[in-house]
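Reading through the structure tokens given below for one structure.
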Amino acid sequence: MALLTPDEAQTLLKKVLSYSKADECQASISGNEGGNLRYARNSVSTSGVSRSTELAVSSVFGKKQGVTTINEYDDASLEKAVRRSEELATLAPENPEYMPFLPAQTYGAVPQAFIPATAAITAAQRADYVAKSLQIAKDSGLTAAGYLEHGAGLSAMMNSHGLFAYHTQTGVDFSITMRTADGTGSGYSSKGYNDISQLDVQAASTTAAWKAAHSGSARALEPGKYTVILEPAAGVVLLENLYGSLDARSADEGRSFLSLPGGKTRLGEKLVDEQVTIYSDPWAPALPGTNYSDEGMPREKVTWIEKGVIKNLVYSRYWAQKKGVKPVPNPDGYIMMGGTASLEEMIKGTEKGILVTRMWYIREIDPQTLLYTGLTRDGTFYIENGEIKFPIKNFRFNESPIIMLNNLEALGKPERTVSGEGGGTAMIPPMKIRDFTFASLSDAV
Amino acid sequence: MGAGGLLLGRIPLSGTPVLPGRPLETVDTALKKRMADTALNAARSKGATYADVRIGRYRNQFIITREDKVLNTVDTESYGMGIRVIVNGCWGFSATDKLDTDGIAEAAASAVAIAKENARLQSEPVQLAPQKGYGEVTWKTPIEKNGFEVPIREKTDLLLAVNAAAMKNGANFIDSALFLVNEQKYFASTDGSYIDQDIHRIWPTFTVTRIDSQSGKFERRDALSAPRGMGYEYMIPDEKNKIKGLTTLYRDRYDMLEDAQLAATQAHDKMTAKSVEAGKYDLVLDPTNLWLTIHESCGHPTELDRVLGYEANFAGTSFLTLDKWQSGKFNYGSPLVNIVADKTQPGSLGAVGWDDEGVGTKQWDIIKDGILVNYQTIRDQAHIIGLKESQGCCYSQSWRDVQFQRMANISLQPGKTPLAPHDLIKNVEKGIYIIGDSSYSIDQQRYNFQFSGQLFYEIRNGQITGMLKDVAYQANTREFWNSCAAICDAQDYRLGGSFFDGKGQPEQSNAVSHGASTTRFNGINVINTARKI
């Protein structure tokens, strides 16, 4: 039931709409089948499987809307869900911002997002992957804590104006932390793909083990401004806060870092270094994504920042109509362009600097400057004359991704990475940045 | 906020609809017992040496508004079962919403199969602390008024009135919301417990934004409410539960309308407030601010699963290692600092009769006269610190997710001698009085933290001299708690808390309260957070 074919999804959603007495009705279904295995202290801790679906029904009378969700699919339950959404709509006040549902749209399929082998992962396979990771920990005399999660998902939507959208996707995420027995060293690695065949658990575990083994007896550097190289897993947790803030409405309303006095915005303004180009594309081979938005809009390739200039912002259908522009749906993943240099080559080209491999607990301090605080974690190293010289103690930083991307020295080759905070995936290059602001030292390992 | 620190993490919007304005229909206890026995018998027949089952019926109602508009009203119910087993000394878990005999048997078999497969990765068998069966027992959050029985229109009208009051007082924008949660949980285990619980939580909140169109600058002020383990009675203003001062602070009843009016005025005042000069200050922290510092710097590092390394890959470990606890003299804070864990505190988010593995709840000391004396733990880790029984800290956010160690209510005990906030401020030469929570961040072992707030008032020679802005305080946990110089008495004691505290992989949300009275910390490092882009 969790993964319906397009025909099965159409049949179900048509039946839901057939019960509607509202002015407009929209029904969407999502489903997921997946499993996970968590381990710590070199042993399995928790593990489980889940299989779930959810049907959401939205009914509208005029500008009054009610939404209900259900996970039962007999005819009586489906009709009950429709009736209840209609009852909620009648109780709701009018929403002056309500936008009628879209008519039929054309969506390009994204077949590369769904990989059958990923959808078919078994409990035995999960255990085999984790056994490889645990073996590396044991062979290295380290303690491993990690997590493997995989799933296959479906989303489909239909409304009373003839719209029908359908998408399936698979994913597998793996993350691993290795720690030394004395607790003075720690290393991390994370990977995420649509295709299980791309996941190399041994390589990721070996990377984490190297960082752990080489990060003990860290020295303390004075807080201050340093040149840093951010590995993609570190950079993504700061950059995802920039991506999530590219919203036209908050900018127009004057409550965003993109706002300017007098109701103006920075759209079209060069805000960061010209090396920065960020776009989204559901058909990107390395980061395929969902082809339609929550509002049913087709997703297209969109360039958000081009050579440092803010080129596009997200416009909801309501806000686009109010402003007389084309709506721009929020994307499903971001790609930051980079160069060709590997991380190792970037380190070789650095006279003095700090290699940051993971960032943690990123929180907004000031939305006007997009200032965030957070810490380095699980392997931070001092670079001198093109070599990693010694591990250093972790820092707290207070930094804005806008200031950071203005201090950009060089970009390496982008790679697909998973945020250790938000869990989202993106293509991010390693970044070399001057004058990154470290505010204080942390004793944490 | 451990994992990813998601205070406002995922909002569970899924579930089966129920008619708005009506309470959640309860499932017949005899039926739940039959389903539970089916699951337990199926697990045992497949080889489980222990099994427990949680049948959950969860109802959530979220109303989201801005200015004069209701943006969303979401009303859901979710119903299903989670089965956890031990086979060959290893845990397995499976959840289902197919609650007929076949569906339950299938889920039990799936949990057993996972345990058998993973047993080869197990370094030592699961060891459960003994737990007696309680038989058939019940517990309910002692609410006075069920929020789900209040008509939707009454709740949307209140939020729109709150918004109008803020706008009338000069706000440019206000986003407001009301969250209601009802967890009906039935737990049964092979130990012989059949526990039926009915749990309620509520959280009203808003953010007011004020913009200076000439400069393009803006300021925000968030609500000073607390999420509570209460019914709709929390929303009924009561003068006896107000503390009037620089702003109004609230004990066990909230006046959302008044708070929004004050917020609009204070957001304006923040525009012209003095930018703080960085340096050392004595901080006077109101409970609306201190609850979050307690949560991060004491609540999380005293979770035993973190201490042992179970969260090393995500939420992190802890500086409060076993050797420090075993020494019996690890000085966490000044002798004034007494911090307790409490799963029974009335009106708190974490109050239940039994936890999610059938352990009766209680109160215990974590920090006693400044010394680390205990942790928070569950059945499969209690033996590691020599406990004969679990402390009842097991929780799962839904029937779909496996239960694991989650934070109990962790609270700073009030001072034993009479002391009011204004008396405390009178003795401060150079300080800052901080109200409300805002930006928060702490490292993965809970040493280095940085917190901000909603309202900052400069103290000079015992007097409040004006409002400050751009304030954040940064400290090391142990140094901070050792600088604790005075704690107001029980009359000032109030609860704050987190409605969506994240931890675990896959990440789950927990709700937990933290009580405190206004407290003074001497010589804390304050930074200025103003920047230009």
message: Any residue at all in region B:448-457 that's surrounded by fewer than 24 Cβ atoms within 10 Å (Cβ to Cβ) and more than 14 Å from chain A (Cβ to nearest Cβ)?
response: yes
Members of region A:412-442 that are over 25 Å from B:Phe451 (Cβ atoms) and within 14 Å of another protein chain (Cβ to nearest Cβ): A:Val418, A:Gly424, A:Asp435
message: I need the full set of residues from region A:233-286 which are of a type in the set (A, V, I, L, M, F, W, C), assigned to a loop (DSSP other than H, G, I, E, B), more than 14 Å from chain B (Cβ to nearest Cβ) and closer than 26 Å to A:Gln321 by Cβ, in order please.
response: A:Leu246, A:Leu267
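Tally time: how many residues in region B:98-112 are within 9 Å of another protein chain (Cβ to nearest Cβ) and in contact (Cβ under 8 Å) with a residue 40 or more places away in the chain?
Residues of region B:98-112 within 9 Å of another protein chain (Cβ to nearest Cβ): B:110-111.
Narrowing the set further to residues that are in contact (Cβ under 8 Å) with a residue 40 or more places away in the chain leaves B:111.
Counting residues in region B:98-112 that are within 9 Å of another protein chain (Cβ to nearest Cβ) and in contact (Cβ under 8 Å) with a residue 40 or more places away in the chain gives 1.
Take residues that are farther than 26 Å from A:Thr184 by Cβ and tell me which of the strands (runs of 3 or more DSSP E) falling wholly in region A:306-421 contain 1 or more.
Values: elements: A:334-336, A:352-356, A:359-366, A:371-376, A:380-384, A:387-391, A:395-399, A:408-411, A:415-418.
Here the list reads A:334-336, A:359-366, A:371-376, A:395-399, A:408-411, A:415-418.
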message: Pairs needed: first member in region B:113-129, within 9 Å of chain A (Cβ to nearest Cβ); second member anywhere, of a type in the set (D, E, K, R) and surrounded by fewer than 18 Cβ atoms within 10 Å (Cβ to Cβ); C-beta distance under 9 Å; at least 6 residues apart or different chains.
response: B:Ser123/A:Arg41
task: Select the strands (runs of 3 or more DSSP E) contained entirely in region A:121-232, then report the ones holding at least 1 residues which are of a type in the set (Lys, Arg).
output: A:164-180, A:186-193, A:224-230
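Take the residues of region B:153-178 that are small (Gly, Ala, Ser) and closer than 13 Å to B:Thr265 by Cα: which is farthest from the other protein chains (Cβ to nearest Cβ)? Spell out the reasoning first.
The first filter runs over region B:153-178 and keeps only residues small (Gly, Ala, Ser), leaving B:161, B:164-166, B:170-171, B:176-177.
With the extra rule that they be closer than 13 Å to B:Thr265 by Cα, the set shrinks to B:165-166, B:170-171.
Working: B:Ala165: 17, B:Ala166: 14, B:Gly170: 14, B:Ala171: 11 Å.
The extreme case among them is B:Ala165.
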task: Answer yes or no: is there a residue in region B:72-84 that is part of a helix (DSSP H, G or I) and either in contact with a Pro (Cβ under 9 Å, 6 or more places away or on another chain) or away from chain A (no Cβ under 11 Å) (or both).
output: no
query: With A:Thr143, A:Thr118 as the choices, which residue is within 11 Å of another protein chain (Cβ to nearest Cβ) and among the hydroxyl-bearing types (Ser, Thr, Tyr)?
result: A:Thr143
message: For the list (1) closer than 22 Å to A:Gly333 by Cβ; (2) among the hydroxyl-bearing types (Ser, Thr, Tyr); (3) buried (at least 22 other Cβ atoms within 10 Å of the Cβ), I need the number of the one condition that A:Ser259 fails.
response: (1)
query: Quick one: which of B:Val181, B:Val150 is β-branched (Val, Ile, Thr) and either away from chain A (no Cβ under 14 Å) or in contact with a Leu (Cβ under 6 Å, 6 or more places away or on another chain) (or both)?
result: B:Val181
- prompt: Among the listed residues B:Glu117, B:Glu124, B:Glu106, which satisfies the condition of being part of a helix (DSSP H, G or I) and surrounded by fewer than 18 Cβ atoms within 10 Å (Cβ to Cβ)?
  reply: B:Glu106
task: Report, ordered by the first and then the second residue, all pairs with beta carbons closer than 7 Å, sequence separation of six or more or different chains, a first member in region A:90-101 that is at the interface with chain B (Cβ under 7 Å from one of its Cβ atoms) and at negative phi, and a second member that is part of a loop (DSSP other than H, G, I, E, B) and surrounded by 17 or more Cβ atoms within 10 Å (Cβ to Cβ).
output: A:Leu91/B:Pro20
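In region A:41-65, how many are touching a helix residue (DSSP H, G or I) at 6+ places or on another chain (Cβ under 8 Å) and either at the interface with chain B (Cβ under 7 Å from one of its Cβ atoms) or modelled with pLDDT under 85 (or both)?
7
The values are calculated or read from the model by the stated rules, or taken from the named source; none is laboratory data. Model, not experiment: these values are computed from the prediction. In this analysis, Cβ positions are derived from the backbone assuming ideal geometry, glycine residues included, and neighbour counts consider all displayed protein chains.
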